[in-house]
Structure formats: structure tokens, C-alpha cells
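The values are calculated or read from the model by the stated rules, or taken from the named source; none is laboratory data. Remember, predicted model here, so these are calculated numbers, not experimental data. For neighbour counting, all protein chains shown are included, and Cβ atoms are generated from backbone atoms with ideal geometry for every residue, glycine included.
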Amino acid sequence: MTVPTEIIEKVVDPRAYADGSIYDAYRWLRANDPMGLVEAPGYDPFRVVTRHADVMEISRQNDLFHNGPQAVLNTQVGIRKSLELTGGKPLVNSLVQMDPPEHGKYRGLTSAWFQPGNLKRLEGRIRELARRSVDRMAQSGGRCDFVNEIALHYPLLVIMEILGLPEEDEPLMLKLTQEMFGATDPELNQRSSSLNIKDETQQLDMTSLWTMMAYFNKLTEERRANPTDDLASVIANAEIDGEPLDAMATMGYYVITATAGHDTTSSSTGGALWALAENPEEFRKLRADVSLIPSMIDEAIRWTTPVKHFMRRATRDTEVGGHAIAEDEWLMLCYASANRDEAAFDEPDSFRIDRKPNRHIAFGYGGHLCLGQYLAKIEMRILFEELLPRLESVELDGEPAMSQALFVNGPKRLPIRFTMT
Ligand code: HEM
């Protein structure tokens, strides 16, 4: 079957991810061509994988389906330009671009650090940051833009806490996370991701890359001289095959942690409050029984699915869900479609805080399963544990808006009116 032009246009149009029409395209694809071939002008051909079962089936086979070298959709020009700069290697080589056996070695360096047992000791410090955010909201006079005043800052402060960075570096880190992994939304005044240059008009800002290199090199030196219990110390002192990581590899690790943990968690936090403001019955249910917070958070993450896709490339001819896949075919794993798949979820378009089971795959699946999933859930849980007992009512106060981006997107504006104790 041929995918109709209007569906193809939606898949590669960041505006469709902001106005929600991408969900109509996904619905059509799931029903009619769940691994449809997209041949869009300016892009190498790729298949859009839209069913939950197929996304899982591909994600769990990391030897057969590779991430590298291009793990996120990019135009032919963007790919060529990124590779020209680096002589054929990804600009910043991080976990999401790696494949076995390299990937396992690098992931193993920090996987224990990200386990719930280790993260538990951070809960007190995270709670202090959450309280400060909730106090700030309480002082805003009953109206605020929840995204710009709360949801954008809190996860960034948590990341700075885990990396052990001083709070005064927040503006620099904000620039880093926005430039290296940012959205394509013109209103957000962000350039396209520096890792992912989109067209001829966009140039990589080498100055900011060198600034970042210098910043992280200094951090590495400090943590090698005086290791602490933070994540930066684990990265700075890590060894692969008996050798310390070089400057590029160390930076790749800091960058993936900082960037992957920011926009994503901001989006799901903003998405949670948006959904609660629009579903007063669910809000009342949650306030009456705060033990539902963890399940509300899972539902908010499914509902928002901040990471819309990652790409994989088939290393040989194979078959998934009855569909032939040829060697070297490029596959777009559409997590947001999988998380609204009627075959996997009852009433997938309803926001239900007590959904059970909730087998969403917003954190991916298989060998690349999000390293920060427990941290993301802990920080969201703590924020809502602090917020909900004080938040008596909440409603929308004007038009909220989603960001325009094919990769990571979520609310960019969420005006709310509320009463708080
Ligand atoms: C709601 C918040 C988050 C969402 C929805 C999310 C989603 C994802 C997804 C979909 C992947 C790719 C999985 C795959 O290919 O199977 C991923 C990977 C990753 N995430 Fe997250 N993430 C979130 C928060 C975080 C946080 C807080 C951190 C760390 C501070 C983090 C660090 C990472 C890293 C390091 C990877 C790469 C893992 C690998 O390739 O082995 N993420 N995340």
C-alpha cells in the first residue's frame, strides 16, 4: 500500500506534532499501513512503525536493528553537514547513537548509578527543589504559566544536582540543553538541534560547542582530583578496557545525561498538569487518594509521550509483524503512536489516572531503554507529592500550546488559574 501524501506530510511536519493532527495520521497508519514507507522530499526513505507490538519487537533486537550513526530523523542535507564536520562520525557520540558491543560497555558505566536503590539517597535533595518550585507557584497570585515558571526549571535543577553542578550555572545548562537537543519551534527561539542540523541555513554554533567542551573538561579535572558521590564523578573516573574515557566521550556522556533528562521530564510534568486541569474528575480522584500519584505519573508519561521517535536501521533482511524489512531500511519507531494503539490500551485517547495495566513504551524498550526512567518518575512523584496537598483547584486560563518538534515535544505554554494553601 502507498501512504497518502497528506499522511506523509504530517509525519515530517513539526506543526502536526503541535496541533495534534499527527495522532490522526498515526491512527490511519496503524489501521492501514502500520509499517508504511515514507518517501518525503529531502529525506532518505524510511518506514513509520506505528503499532505497539512492532515497536517493541524491533526495540528488543539491538543486534539486528542498529541505532547508529543517525538515531533521530534528519534531512539528507542535515546528515551530510553533520558528518562533514566530523569526518564521518557523529559529532557527539553518545549512548543513543551506539550499538553493541560498544553500547553495553558505555551504558554499564552508569547503569548502577541510575538504579532506584542508588537514587533513593537523592530524594531529600530533590524534595527540597520540589518544595521551592511549589512555593514559587504559591507566591504567583493564583495564576501562572506552569511550563515556563515551573516545569522547565525543576528538572534542570534536578539534573544539575545529580551532576553536582552549582546552581549559578543554570543559564549555561539551559543553553546547552536547548542548543544540543532542542526543539524546532520558531517561537521558542531555539535553533534546531546542533546534533541534528536541519538544512543549509542552519550552522552549527562551534563557539558554544567549544564553551561546553571547556566547561566539561574542567569538571572532569575537578572530579578526577576530588571525586564525590555525584554522577559527574562516576563519568570522570570511568574506564573502558582499562583506559579512561577521552574528552569527547566524557563530554558525550555529560551531554546525553543533561539533554535527555531535561525537555523530556519538563514535557511530561507540564503534560500531567495540563491533563489534570482538563479532567476535573481525575483531579478530584487524585486529591482524594494521593496513593494514585505513581499511576497518574505513568499515565501522564503515556499521554504526553515526550520522545516521539527514535530511528533504527536493519542490519539484514528480516520480518516483523508479518512485514518484510530489507537490509539497510531505516525505521522510525513512533512511541506516541504505540502509546495510543487500540490493540494495547483500552480507550487510548482517554486520560485515566488509575489505568491498569499501563504498558506504555514512552521510555522505549530493549537495550536502549531509558537510563533515566526511575529518576524521571521519582522527580515527578516528589513534585506532585508536594503540590497536590496544597493545590485545591486548577483550570486552564487561556490557550495552552504544544511545541513544534518531530523528536522531543510537549507543552510550551500552559496558562493556569488555581487556588493553593
Ligand atoms: C519522562 C521523561 C523521559 C522520557 C519520556 C524519556 C524517554 C527516553 C527514550 C524513549 C529513550 C530511548 C529508548 C530506546 O531507544 O529504547 C531514552 C533514552 C535515554 N534516556 Fe530518557 N527519557 C526521560 C527522562 C530521562 C532522564 C531524567 C534521564 C537522565 C537524567 C534520561 C536519560 C536517558 C539516557 C542516558 C538514554 C540513552 C540510553 C541508551 O541509549 O542506552 N532520560 N529516554
ask   = Would region 248-261 turn up any residue that is closer than 30 Å to Met420 by Cα and either under 24 Å from the mean Cα position of the chain (by Cα) or modelled with pLDDT of 95 or more (or both)?
value = yes
ask   = Mind checking whether some residue in region 82-92 is more than 20 Å from the chain's Cα centre (by Cα), among the basic types (Lys, Arg) and modelled with pLDDT under 95?
value = yes
note = Condition set in contact with a Phe, Trp or Tyr (Cβ under 9 Å, 6 or more places away or on another chain) and either at pLDDT below 95 or assigned to a loop (DSSP other than H, G, I, E, B) (or both), scope region 333-356, selection farthest from the ligand (Cβ to nearest atom): answer is Asp349
ask   = Could we say that Glu385 is surrounded by fewer than 23 Cβ atoms within 10 Å (Cβ to Cβ) and over 19 Å from Ile301 (Cβ atoms) here?
value = no
note = The condition from (1) more than 8 Å from the ligand (Cβ to nearest atom); (2) at pLDDT 95 or above; (3) touching a helix residue (DSSP H, G or I) at 6+ places or on another chain (Cβ under 9 Å) that Val307 misses is numbered (1)
query = For Arg121, are the conditions met, namely being outside any strand (DSSP E or B), on the phi < 0 side of the Ramachandran plot and surrounded by 13 or more Cβ atoms within 10 Å (Cβ to Cβ)?
reply = no
ask   = Under 6 Å by Cβ, and 6 or more places apart or on different chains, what pairs join a residue from region 289-318 that is over 18 Å from Tyr365 (Cα atoms) and surrounded by fewer than 24 Cβ atoms within 10 Å (Cβ to Cβ) with one that is modelled with pLDDT of 95 or more and among the small types (Gly, Ala, Ser)?
value = Asp317/Ala326
key: Exclusive hit being out of contact with any Ser or Thr (no Cβ under 9 Å at 6 or more places or on another chain) and more than 16 Å from the ligand (Cβ to nearest atom), set Glu395, Glu327, Glu386   = Glu395
